[in-house]
1. Applying the selection to region 1-53, what residues are surrounded by 21 or more Cβ atoms within 10 Å (Cβ to Cβ) and in contact with an Asp or Glu (Cβ under 7 Å, 6 or more places away or on another chain)?
2. Quick one: how many residues across region 80-91 are in a loop (DSSP other than H, G, I, E, B) and farther than 17 Å from residue 163 by Cα?
3. Could you check, for region 59-74, whether at least one of its residues is surrounded by fewer than 23 Cβ atoms within 10 Å (Cβ to Cβ) and under 29 Å from residue 249 (Cβ atoms)?
4. So which of 232, 218, 212 is modelled with pLDDT of 95 or more and either of a type outside the set (A, V, I, L, M, F, W, C) or more than 12 Å from the chain's Cα centre (by Cα) (or both)?
5. Do you know which residues across region 153-181 are touching a strand residue (DSSP E or B) at 6+ places or on another chain (Cβ under 6 Å) and either farther than 17 Å from residue 138 by Cα or among the hydrophobic types (A, V, I, L, M, F, W, C) (or both)?
6. Looking only at region 69-103, count every residue that is within 15 Å of residue 140 (Cβ to Cβ) and of a type in the set (Val, Ile, Thr) and tell me the total.
7. Please state which of the following conditions residue 103 fails to meet, knowing it meets all the rest: (1) over 30 Å from residue 227 (Cα atoms); (2) part of a strand (DSSP E or B); (3) of a type outside the set (Ser, Thr, Tyr).
8. Among the candidates 240, 258, which residue alone is of a type in the set (Asp, Glu) and farther than 22 Å from residue 126 by Cα?
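The values are calculated or read from the model by the stated rules, or taken from the named source; none is laboratory data. These numbers come from a predicted model, not from an experiment. Because the Cβ atoms are built from the backbone with ideal geometry, glycine has one as well, and the counts that use them run over all protein chains shown.
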Amino acid sequence: MNEREARAILFSAIEGGHTFWAAEICGSSALEVVNKLVHGGYDRIKYSALISLVSLTSSDALFTSIDATGSTFLIPGDLHWPSRVEDLVAPPIALIAKGNLQALTTDSLAIVGTRNPTQYGARIAGDFAAGFVDRDWAIISGGAYGIDTYAHKGALIAEGSTVAVIASGIDINYPAGNARLFEEICESGALITEVMPGVKAMPHRFLTRNRLIASMSLATLVVEAAFRSGSLRTARDAAELLRPVMAIPGAINSPTSEGCHRLIGERAAEIVTSVADAVEFIGLNQ
C-alpha cells in the first residue's frame, strides 16, 4: 500500500473536518495511520468501527468508483491540489474534483449568501462575480440555490471560471435543480467535494464544506445573509485564516441583510459597495 491508497481508505472512512485524525495524518502520514489502525496502534474498543471499516476497504474499489464518475482523486502534492486548504486546523485528507482542475489553484474570491435572496442580492452577486472574473479571478461558492447560484452564473456569463464546493458525492446533483448549472461549471471550472461518490448531503456536511470554501479563496464576500446563517460561518472560517472578509450592505429593515450588517457592526467584515472597493481592500490585505 502507498500513501495515495492509504489516503483513499481514510478518506472513505472518516468524515471531513475531523480534527484528531487530521492531526494524526499531518503528524506522520496516512500510510502510518492505516498501519497503526490495523495493527493495534489505536484503542481497539474506542475505534472498533473505524478499524473494521479500514480493514475491509479496498483502495482499488474506491478508485474504480471515482473513475466511473469521470472525476479525479486529489491529495497533497498533486499538481492541482488547492494548497490553501492546508492552512485549516483540520485540512481535508483528500478531495475529489471534476472539470477543469486548473481552476482549483488560481486566485479566487468566495461569494456566499442566503438561499432566498432579493433581486438586489441576486444582481450584486452576479455583478461582483463578473467583475472579478474580468480580473482573471475564479469565483468559488457552494452550488446551492440563491446567492451561490447567481455568483456561479455571473462568472459563467462573463466567460470566466467558477468552482462549486459541494456537500454530496460528485455524482449527486444537489440541489437537483442545479444539475444543468453543474454541467456548465465543469466546462470551464470545477466541482469539488470532500466525500466519496454516492454519499448524500447532510446538514453537518454543509458546515464542514463551508471551511473549504473559505480556505480555497483569497478573500470572502457575503452578499446577503440572515442574522444566523451558514454564510456567516464561512465568513468566520475565513477570518480565522486571516483572509479578508467583506460584506455588502442592504436596507436596514431587510431580513436578508441582517447577517451582513452584523458582520460589519462587529468589525468582522469590511463594508464594500463596488468591485473596485473589494479589489482595493483585498490588495491592501495581501
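1. Selection gives 16, 30, 33.
2. Within region 80-91, the first condition is being in a loop (DSSP other than H, G, I, E, B), and the residues that meet it are 80-82, 88-91.
Applying the additional criterion that residues be farther than 17 Å from residue 163 by Cα yields 88-91.
Count: 4.
3. no
4. Values: 232 fails: modelled with pLDDT of 95 or more; 212 fails: either of a type outside the set (A, V, I, L, M, F, W, C) or more than 12 Å from the chain's Cα centre (by Cα) (or both).
The unique qualifying residue is 218.
5. Applying the first criterion (touching a strand residue (DSSP E or B) at 6+ places or on another chain (Cβ under 6 Å)) to region 153-181 yields 155, 161-166, 170.
If the condition is that a residue be touching a strand residue (DSSP E or B) at 6+ places or on another chain (Cβ under 6 Å) and either farther than 17 Å from residue 138 by Cα or among the hydrophobic types (A, V, I, L, M, F, W, C) (or both), then 155, 163, 164, 165, 166, 170 are the ones that fit.
6. 1
7. (2)
8. Details: 258 fails: farther than 22 Å from residue 126 by Cα.
Sole residue among the options that is of a type in the set (Asp, Glu) and farther than 22 Å from residue 126 by Cα: 240.
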